[in-house]
1. If Cys233 passes every condition in (1) buried (at least 19 other Cβ atoms within 10 Å of the Cβ); (2) over 30 Å from Arg351 (Cα atoms) but one, which one does it miss?
2. On the basis of being in a helix (DSSP H, G or I) and either out of contact with any Gly (no Cβ under 9 Å at 6 or more places or on another chain) or open to solvent by 50 Å² or more (accessible area, probe 1.4 Å) (or both), does Arg349 make the cut?
3. Checking the conditions here, which among Arg336, Arg332, Arg371 is assigned to a helix (DSSP H, G or I) and of a type in the set (Lys, Arg)?
4. For segment 305-314, check the following and say yes or no: at least one residue is in a helix (DSSP H, G or I), in contact with a His (Cβ under 8 Å, 6 or more places away or on another chain) and at pLDDT below 95.
5. Quick one: which residue in Val243, Val279, Val287, Val274 is touching a strand residue (DSSP E or B) at 6+ places or on another chain (Cβ under 7 Å), closer than 23 Å to Ala22 by Cα, β-branched (Val, Ile, Thr) and in contact (Cβ under 8 Å) with a residue 60 or more places away in the chain?
6. Among the listed residues Glu366, Glu374, Glu356, which satisfies the condition of being of a type in the set (Asp, Glu) and within 19 Å of the chain's Cα centre (by Cα)?
7. Give segment 82-103 a look and list any residue that's free of Cβ contacts under 8 Å to residues at least 40 places away in the same chain and charged (D, E, K, R), or say none.
Amino acid sequence: MPRPRPTRGPVVRAARQPPRVALLVETSLASGRDILRGIARYVREHGPWSLYHEPRSLEAGLPRWLADWEGDGLIVRVQSRAIAAGVCATGLPAVDVLGVVTDAGLPLVHVDDRQVAAMAAEHLRERGFHHFAFFGIRGENWSERRREAFCAAAGGGGAVAVLELPRHSMDRTGWESQAEALAAWVRDLPRPVGIMVCSDQMGQRLLEACRRAGVAVPEDAAVVGVDNDEPLCEVCHPPLSSVNAGHAAVGYEAAALLHRWLQGQSPPDGPRLVPPAGVVTRQSTDVLATADRQVAAALRFIREHACQGIGAAEVVAAVPVSRSVLQRRFRRELGRSIQDEIIATRVKRARLLLAETDLTLAEVAERCGFRHQEYLGAVFKARTGQTPARYRRRFRCFESEPEG
């Protein structure tokens, strides 16, 4: 499906005539609500816009009023080919923020599913897991991307157990028949095992399957979801850890892209992918999967004190074995040194602070245990491939912040 060529725009409007933009984004899912928050933030900073929105579900079709609507642009979660065709028929500049219909003919802003999965794998590896599994939805391209990336990141050449169910089996009538099969799958996994689920909604079902199977969470199976849907994660038993995939930044980027388009710039040819902010740890992964008590004690000490400027010497002093013995056991269990773990913990904290706060880079460095801002910058770039300021701009779209 070719990209639509607007017949009623783009038009550079006078300051007294703000752009009229319709938001066809669902409010039934946390990801959609986060996208709306990101759009609202962009409009507060770069508006005013006249926004048109009504509560909707992801499965809802196009509203009837759209065909005759005299607006300037759209931001839409394109769930089907029918929606894609209807949006293109308006002739208006439109940005997709879902990516389910790959040939929708619209510019796409989306979370980076591969980075999301890699972050989930890193989170489970940090907790000492050597066995991994993935639970997803068959036929959903975003779930399949997460599965591929998780298997590559977590497998390390080894096998990752995978179970994918069709979406129709997730409804109320189909779920009960699948629940026992899912419980049997969980029961047969090697233990302890780290499991990624493609979304928080699927995480709730997997945790129920663990309960049915008599598999303790997080001791025998640690579970991490995606989207950080806080109410849903909190009502899970135990509360579900989840990757903050970055949907608010998707909304912000989509609004920025549409704004440039309305001002006469051409949209990009390829998708714009937004990186995840980090993992919000709750009880479902709050565990150290190692039988080595000294290594477990060292890991616990690092997680509690890494951002206080400690080094390997302080970790060794807190564990009743020699430095050489602890280093050897640490590498055997986790495949990295004590100092590597300290730095990784600090960088992880820095990523969250950069994404979720307005702290200056100097303040971030201080709170993460780096001696100064320049050291934070050097370590952060070596570990992530980008400077702290660039990471913040990419995630939060702060175009005015200087590089550093």
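The values are calculated or read from the model by the stated rules, or taken from the named source; none is laboratory data. Since this is a predicted model, take the numbers as computed values, not measurements. No Cβ is skipped: glycine too gets one built from the backbone with ideal geometry, and neighbour counts run over all protein chains shown. These accessible areas exclude ligands, DNA and RNA; they are computed on the full protein's heavy atoms, side chains included. Shrake-Rupley method; radii C 1.70, N 1.55, O 1.52, S 1.80 Å.
1. Unmet for Cys233, out of (1) buried (at least 19 other Cβ atoms within 10 Å of the Cβ); (2) over 30 Å from Arg351 (Cα atoms): (2).
2. So Arg349 fits the description; yes.
3. Criteria check complete, one pass: Arg332.
4. Looking only at segment 305-314, we keep the residues that are in a helix (DSSP H, G or I), and these are 305-308, 312-314.
Remaining after also requiring in contact with a His (Cβ under 8 Å, 6 or more places away or on another chain): 314.
Narrowing further to those that are at pLDDT below 95: 314.
Within segment 305-314, one or more residues are in a helix (DSSP H, G or I), in contact with a His (Cβ under 8 Å, 6 or more places away or on another chain) and at pLDDT below 95.
5. Result of the check over Val243, Val279, Val287, Val274: Val274.
6. None of the other options fit; the residue is Glu356.
7. Asp96
To keep it simple, each residue is scored yes or no on (1) at pLDDT 90 or above; (2) within 28 Å of Ile195 (Cα to Cα); (3) small (Gly, Ala, Ser); (4) over 21 Å from the mean Cα position of the chain (by Cα).
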| site | (1), (2), (3), (4) |
| --- | --- |
| Arg16 | no, no, no, yes |
| Arg20 | yes, no, no, yes |
| Gly38 | yes, no, yes, no |
| His53 | yes, no, no, yes |
| Asp68 | no, no, no, yes |
| Arg81 | yes, no, no, yes |
| Thr90 | yes, no, no, yes |
| Val109 | yes, yes, no, no |
| Asp112 | yes, yes, no, no |
